[in-house]
Amino acid sequence: MSTIKKITHPIVSKLPESNRLERIWKLAEVDFKKRYYNDKLGLLWALLNPVIQIFIYYYVFTHIFKMAKVDNYAIFLFCGLVLWIGFKEASNKGIAMIKSKRYLIENIQFNHVDLFVSSTIAVFMGLIFNTGALLLACLVAGISLSPYALFIFVLYINLFLIGMGTAMILATIRIYLDDIVHLWTMVTLLGFWTSGIFMRGELFLEELPILLYLQPFIGIIINMRKITMYSLPPDYFILAVNMLAGVVVLLIGMFVFKRYSHKALENL
């Protein structure tokens, strides 16, 4: 029996067949603990990843390129990176979902969409930890948080829809095209540099307004900064467009996975 099976079997064997929500939560809990609790630094790794990236990019853009003309630029970066890292983790886990959860698919009868729900929830467990650090950093920097900061929950629902939908699409495509792993690396690289993490997203929209509909992270990051750094209400039009995009991506993901994933299940 593999190490993974040794860790998960005692828990998986007790998953209730009649309670879907409890099963999803337990799967997410196992996934989260397996990711962090086996490491000596544990959950601290969830924070070190964005912090180290923030330090590197902050130094490069403020000392080498001297491009940063934004107050509290480190927090400016944090707002974007914390969202992008969450999405990237959710989508990358989705690509490997069928293979990594094979032991569950083979031995337990349940709705396989639940795997993506639980996996995305596990990613958000770490994201919540990072969000707490972001809000604390705002307070330390002298930024007064307003009630508009509660819109974080709306933005995270939006991020959840996009992340889960993308994960299902990628998992299904990989059944037929294993090269999607390399292609997705290039797509995420493009998305990373066009999401407005390093500069104001409004600049991208001024040059190419169509990006509002093609690159939802521009709008999500704009609103994240509005409600945290600037204590302003979100741009409700951008929020509505992004939420609609999230719903569409999720519906496409569920349709594609249910329609075409049978090939993988037959060949397990």
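Brief remarks on what is shown
- Note on the stretch 174-215: among residues that are without any contact (Cβ under 8 Å) to a residue 40 or more places away in the chain and of a type in the set (Val, Ile, Thr), the one that is nearest to residue 81 (Cα to Cα) is 194.
- Some residue of the stretch 93-100 being part of a loop (DSSP other than H, G, I, E, B), at pLDDT below 90 and under 16 Å from residue 169 (Cα atoms): yes
- Condition met for residue 222 (under 26 Å from residue 100 (Cα atoms) and either under 22 Å from the mean Cα position of the chain (by Cα) or in a helix (DSSP H, G or I) (or both)): no
- Test result for residue 129, closer than 23 Å to residue 52 by Cβ and assigned to a helix (DSSP H, G or I): yes
- The requirement of being under 22 Å from residue 134 (Cβ atoms) and surrounded by 13 or more Cβ atoms within 10 Å (Cβ to Cβ) is fulfilled nowhere in the stretch 247-268; no residue meets it.
Condition check ((1) modelled with pLDDT under 95; (2) farther than 15 Å from residue 155 by Cβ; (3) charged (D, E, K, R)) across all residues:
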{"site": "171", "(1), (2), (3)": "yes, yes, no"}
{"site": "199", "(1), (2), (3)": "yes, yes, no"}
{"site": "213", "(1), (2), (3)": "yes, yes, no"}
{"site": "226", "(1), (2), (3)": "no, no, yes"}
{"site": "230", "(1), (2), (3)": "yes, no, no"}
{"site": "236", "(1), (2), (3)": "no, no, no"}
{"site": "244", "(1), (2), (3)": "no, no, no"}
{"site": "250", "(1), (2), (3)": "no, yes, no"}
{"site": "262", "(1), (2), (3)": "yes, yes, no"}
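- Residue match in the stretch 105-125 (condition: farther than 30 Å from residue 258 by Cα and either at pLDDT below 90 or part of a helix (DSSP H, G or I) (or both)): no
- Number of residues in the stretch 129-154 that are within 30 Å of residue 99 (Cα to Cα) and modelled with pLDDT of 85 or more: the value is 1.
- Test: residue in the stretch 183-195 that is under 27 Å from residue 143 (Cα atoms), at pLDDT 90 or above, part of a loop (DSSP other than H, G, I, E, B) and under 16 Å from the mean Cα position of the chain (by Cα): yes
- Residue list for the stretch 47-72, restricted to those being in contact with a helix residue (DSSP H, G or I) (Cβ under 6 Å, 6 or more places away or on another chain) and modelled with pLDDT of 70 or more: 50, 53, 54, 57, 58, 70
- Filter result (out of contact with any Ser or Thr (no Cβ under 9 Å at 6 or more places or on another chain), aromatic (Phe, Trp, Tyr) and surrounded by 14 or more Cβ atoms within 10 Å (Cβ to Cβ)) within the stretch 156-196: 192
The values are calculated or read from the model by the stated rules, or taken from the named source; none is laboratory data. Please read all numbers here as calculations on a predicted model, not as lab measurements. As a convention, Cβ positions derive from the backbone with ideal geometry for all residues, glycine included, and neighbour counts pool all protein chains shown.
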